[in-house]
Every structure is written in C-alpha cells, then in structure tokens.
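Everything below concerns the one structure shown next.
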Amino acid sequence: MSKFLIYVSKDKDATRVGGTDSVRAAMQESAPLEMGMKTFSYDGIQVACSGKVSVHLDESQGLLFILTGYFRRAGASVTYSDDAKNLQPLFDELNEPLKSDFEGCFSLVVCHLPSLTVSLVTDRFGTHPLYYSLDQRHVAVSSGKYLLFPWLDELSVPSRALTDTFWLGFTRAPESMISGIAKVKDNCLLKITGDGAEETCLKRCPLVMKPEEDLDFDSTVSSIEAALEDEFVTLGKKVERVAVLLSGGVDSSILAAYASKHFADCVAFSCEIEGFDNPELKRAQYVAEKLGLKHHVVRLNLDDLGGIFSEVVVMLEGPSRHINNIVVRRIFQEIRGFDAIIGGDGADALFGTRTNRTIVNIEKKIKRIDRIPALLKSCIAMLLRGVGFRKHKHLEKILTNDIEYLISNLFTIDYTEQEIAVARKLGASTFSDIPLGTYQSSGLVGKSIEANFSLFLRAMLERNTRLSYDTDIPIYYPFLTESMFEVSRRLPYTHRFDKAENAKPALREICRRMIDSSVIEWPKIGFETPEKTWMTHQLKSYLDRVLMNEGEIAKVLDCQLSSDDVAVVEASNRIIWWLITLDASLRDAVTQAGKWKHHRALAGSGKGQRLQEQIVE
C-alpha cells in the first residue's frame, strides 16, 4: 500500500510529539508489515514510506524527491515514469521545473534540505491527494490525512467540508474533513517555508475550449483513434499484463478493444451482484466474447457488504458520492498481479455528455428571457412560486441569469427540500463558490466541461486511487492524455451530439468499427445498484446508529435528529448514503484521534516512548 509521511521540525528543542518515532509509529498504524517501510532522516526532516513510493536524494542540489504515481511532461510522446530520479534532469534544465505542465496521476513532494523548504505538487485532477499540517514548530505532509493525526490538537469538522461532501461527495481543497489539516489544490504548486504556506502556481486548466465549427467529423474520429493508438503503444513499452475495467458501455468497450489488440496478457473485470439482475453485465460479457478477451466476473455477495463498506469508509477517509463505490472496491479486491489497470473515466466530459446538452438548452432559454421586459419577468417569477421546489429554483435562476448556480447544479447531488433541511441541521449549507471566474473557456459548454472536471470527475479519479491503494497497481486513463485534450478543445457542439441527440458520436463510431453496431445501440443505463435495499437491510446497522442518535454524528457534530428528520431520511435514498458514510468516517477519525491524544498525554513521562515502540512492533 503506497503511503508516505514527512515531518519537518522547525524547532529542534520542541517537546511536542514528533520526529522519527511518531513518523514511524503513524506509518506503522496504517501500512501493513508485509509492505515494508523505508525511512529517511536528514537534520530536521524525517520521512517514512511504504509500497511503491519512489524516494530520490540529489545531494549535489540538496533536494529530496518523494513521488507517488506516474508522470511525464505534458504532450511528450514518451512512457510515463514512476521513478523520482527522473525528475532530477528537469531541475538541471529549467529555472522553475515544478511550474512545468505534467500529465499523469501523481503527487510529488520536493524538500530543499538546506532551507527545509517543502514544495508540494499535485496532478491535473487530484488523483493522488496531498495533505499537510503546519504551525510554528513543524510541517507534516502525507498521502492521507489520518497520518497527520499525531500532530492534531483536537478533532472537529469544518462546515465547508460538510457542505462539499453533502453536495459533491468529496471535500474541495484547501479544506479536508478535519480542521487543522489542509489539502493541496489540484494542478497546483504549493511552497511551504518558514513563513508559512504559499500557493505559488495554480496551473492552467488543460481543457480550455476553442471549438472549430468547420471541423470534419471523420477527422475527429481519426484524431481520437490516432491518440488512443499512440497511448497504447507507449503503454506497451512499460507494462505487459493489464486489467481493464469493463462495464459494457461505449468507453470501456473501446479501451477493452485496444487493450486486447496491444496486450497478449489482458483480462477484463466486471462485477456480478448477488440477487440483482444488472443488464450492463450482460453487455460486458457480450463485448468480451466479441473481442476474444478473458473476462473475470467478480461476485459481490450480500454477506460481504458490511465488510466492504467498512473498507470503503476507511480508504476514502470521509463521505463519498456513490454507493456503487462498494462495487468498485469489490472489483479492486480481485485485481492482483497486473502491471496496470485501464479505466475509461473522462470520455464523457471530453466528448459529449448530457450536461453539455443541458447547458446548451439553458443558454437558449436565457437568450429568449433576455428579450422579456423586466416588469414581465417579475410577474413570471411570482407565478413560478406555485410550481415544485426543484423546478421553481431552476426557472428562477434562469430568469436571474445565475450562471454559477445553473452550472454547479449540473454536478451537485439532487436532494429534496426536506433532505437539505436535515443536512443544514448537521452543519451543511447551501452549495456555492464554484470557481467560475477562474474558468478559462469563453462559452457555457466549455465552462460546463471545466466544472465537470473540478466538481465531478476528479472525485471519481481520487476514488479509484484510494480504493485500489492496496493493489499497488497504477491506473491509466487513455482518455485523459494531452492528445485527447487537444482533440476535445477543438470539438464543436455538433460533434458532441449527433442529429438524434446521441452523445459522443465520434466514440460511438470507433466502437462500431472495433466491435459492432449493437454495442452503440444499447440505451445508456449507468452504474446501477440496489441501493435502497442495501441501506435498509445489509447496511441497516449503520443507519440505525444515525437514526437513534447513537453514532458519531450526534457526538462530534453535537446534533440530534428529531422524529421528523428520521421520517425524511427513511423516505430517502441519497441522504442515507451521505449520513451513514459520514457517521462511519467520523467514528474512524475519533478512534485514530483518541489513540494519538492518549499518546501525547503520556509523552514526557517515559510511557510515550514505550507506546510508540508497541505500535511499531
């Protein structure tokens, strides 16, 4: 399991728990013994890591590199590197190498040893999150926020974190689920010096739309095919045995076709749920058979749901967006011994999704409404008060030309007014603050695509990384390369939807060529699970803790659900998942925080050292 923890002491005489013992103890708590642990110590810097974390010391420049994942310079037709040593030439060539644009899935920490300055770099989508805590005496950086609990004074949850997890299913940087622990923004360079943390570079979004309305459709298809071919050829230089996540939809079917073409040792993975007839599984089986691809169908047994749910909560370290994370985790449990996992995430956002169509329709409505006199608009607004909550809110925002709300509403989770009231009681507030002003596309379709990446897709990518942590197998996303971005930037709306309003016509054409027409004729279903049944039966014990006010929501958030709140929750699907994952993650956090609080209470008495030794043993 790839994890790391870095501790930089600014005060060598500080009595606060820290240094080598706490770093080793914190790592040992979360990293299994069989994965091993590597340690590094230099003056005031202590490093511990496990799994496939690459550490490289450049003594000539006084730099220490800690890398997880894989990277390459954006647009470079070379293999990805997972070796921190390959970063050194960039520092020889460039004045500010960390401000370069990289692609891949990675996090990077660079320590300047003489000054004890720490630079933190994340990839474009935050697939490998970085967390840090700092005060006048220390800086601690880690791949997971629980690793920073030894330096946490008290456990509390920021209001914005509750708001984000309720509406989005993840917490947006710089917040984390725990006050005092910050998260590095996606596609960002953050420098921590003796004076504090400074965000020195928030890099340009790779998806600034510049559509070419006269772009030929066949040329678009050929460009995507060429980009996929190049990516698989390049990947083939680095890996031999690959696992493909196959849902049976257009995107995953295309990648399965390319993988079967380029890798002799290739296995497709899908999931079968006990007692649930999933049409997508039949589609996946059809595609695998057509391609002559070995297909491993993982079975999810209902008796295992509770255990897998607990794993999901611990690995994600907070509430998540979808109950289908249980299915994703079950698949990753079975993927072992491969060099790479191939996922189809990103294709919708790049080449056509319903949100593109929705925002175009909204844009048309806004243009019509702009021609209506202000007095008439006021009358229309009064008449709208008689319609349902959701529709009234939506039409009201169109009348007021509230683009920020209209775009964010495409990617936030849909709740009833009563569910929102329950969440507000717990501390969540109305969703706001999308960085609309920083989006660099001029048109609404472009802005909606940038929002898709920042408000939805990045949650899925981080989810994949976390739920596959213990495989130590990198996940590659062939649709998320610079070559694909270049095609998408130039794509006109007419190439995102055909005349029949079918999304992704270019990908559908590639799928037809590589497999057959029947695959593209299947109606889109999505990733379905029997969520209501699971939450009211197999996961009922977790729900009961919440509804009976016996869980950590009642203790940590100091909130009691009333009988009216309970009635709202029991009639819901969406809010149940948020509540039980919130409560379970808080329970895990309380356990971790309590352990280190006890540790600090013993520090200085001699017992603290013995406790650390017991943890490490």
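Identify all lysines with a Cα-Cα distance to Lys595 below 18 Å; exclude those on the same chain that are fewer than 8 residues away in sequence.
Of all the lysines, those that pass the test against Lys595 - Cα under 18 Å, at least 8 places apart if same chain - are Lys145, Lys555, Lys607.
Suppose only helical runs count, i.e. DSSP H with n ≥ 4. What mean residue ellipticity at 222 nm does that imply for the chain under -39500 (n - 2.57) per run, divided by all residues and rounded to the nearest 500 deg cm²/dmol? All intermediate terms of the calculation are to be shown ahead of the outcome.
Numbers: 25 runs with 261 residues, N = 617.
For the chain, the value works out to -12500 deg cm²/dmol.
Give a residue-ordered list of calculated ³J(HN,Hα) values for segment 102-113 (Karplus: 6.51 cos²θ - 1.76 cosθ + 1.60, θ = phi - 60°; whole Hz; x for Gly, Pro).
Result, rounded to whole Hz: 10, 10, x, 10, 7, 9, 9, 10, 10, 9, 8, 5.
Taking the alpha-carbon centroid of each part, what is the distance from segment 188-261 to segment 502-535 in angstrom?
20 Å
Taking K and R as +1 and D and E as -1, what net charge do the other residues with C-beta under 15 Å from the C-beta of Lys238 add up to?
On the way: positive: Lys52, Arg72, Lys237, Arg241; negative: Asp82, Asp83, Glu103, Asp230, Glu231, Glu240, Asp265, Asp339.
Surrounding charge for Lys238 is -4.
Could you tell me the calculated FRET efficiency between Thr39 and Thr533, based on Cβ-Cβ distance and R0 = 56 angstrom, to the nearest 0.05?
Working: r = 47 Å, r/R0 = 0.84.
FRET efficiency, Thr39 to Thr533: 0.75.
Rolling a 1.4 angstrom probe over the protein heavy atoms, how many square angstrom per residue are accessible across the chain?
Values: 25630 Å² over 617 residues.
Per-residue value: 42 Å².
Let a ≥ b ≥ c be the square roots of the eigenvalues of the Cα gyration tensor of segment 81-133; is it rounded (a/c under 1.5), or, if not, prolate (a/b larger than b/c) or oblate? If you can, show how the numbers build up before the last one.
Numbers: a/c = 1.79, a/b = 1.11, b/c = 1.61.
It comes out oblate by the Cα gyration axes.
Could you work out the mean projected area of the convex hull around the alpha carbons of segment 532-591, in square nanometres to one decimal? Before the final figure, lay out the partial values.
On the way: hull surface 14.8 nm².
Result: a mean projected hull area of 3.7 nm².
In the full protein assembly as shown, how much of Arg137 is accessible to a 1.4 Å probe, in Å² to the nearest 10?
Approximately 100 Å² for this residue.
Looking at segment 504-592, which trypsin sites (Lys or Arg not before Pro) are in a loop (DSSP not H, G, I, E or B) and have at most 15 other Cβ atoms within 10 Å? If you can, show how the numbers build up before the last one.
Numbers: sites: Arg508, Arg512, Arg513, Lys524, Lys532, Lys540, Arg545, Lys555, Arg574, Arg587; in loops: Lys524.
Here the sparse-neighbourhood loop sites are Lys524.
Probe radius 1.4 Å, ligands and nucleic acids left out: which of Lys367, Lys425 has the largest accessible area, and how do the rest follow?
Sorted descending by solvent-accessible area, the residues read Lys367, Lys425.
Once you have all Cα-Cα distances for the chain, histogram them in 10 Å bins from zero and send the whole-percent values.
Computed distribution, short to long bins: 3, 15, 25, 27, 19, 8, 2, 0.
To the nearest 20 Debye, how big is the dipole of segment 3-203 about its Cα centre, given +1 on the beta carbon of each Lys and Arg and -1 on that of each Asp and Glu? Don't skip to the answer; put the middle values down first.
Values: 20 positive and 25 negative charges, 68 e Å.
Here the size comes out at about 320 debye.
Once you place label points 7 Å from the Cα toward the Cβ at Lys555 and Ala374, how far apart are they in nm?
5.6 nm
Leaving out ligands, DNA and RNA but keeping every protein chain, what accessible area does Ile254 have, in Å² rounded to the nearest 10, with a 1.4 Å probe?
Ile254 exposes around 0 Å² with every protein chain in place.
For the chain, give the percent of accessible area contributed by carbon and sulfur heavy atoms, probe 1.4 Å, rounded to a whole number.
Values: 12310 of 25630 Å².
Carbon with sulfur: 48 percent of the solvent-accessible area.
So, taking all protein chains as they sit and a 1.4 Å probe, how much accessible area belongs to His537, in Å² rounded to tens?
Here the residue's solvent-accessible area equals roughly 120 Å².
State the Cα centre-to-centre distance between segment 80-102 and segment 164-184 in whole Å.
About 29 Å separates the Cα centre of segment 80-102 from the one of segment 164-184.
The values are calculated or read from the model by the stated rules, or taken from the named source; none is laboratory data. Only a predicted model underlies this, so the values are computations on that prediction, with no experimental measurement involved. Positions of Cβ are generated from backbone atoms using ideal geometry, with glycine treated the same way; all protein chains shown enter the neighbour counts. For the accessible areas, the whole protein counts, side chains as well, though only heavy atoms, and no ligand, DNA or RNA atoms are used. Shrake-Rupley method; radii C 1.70, N 1.55, O 1.52, S 1.80 Å.
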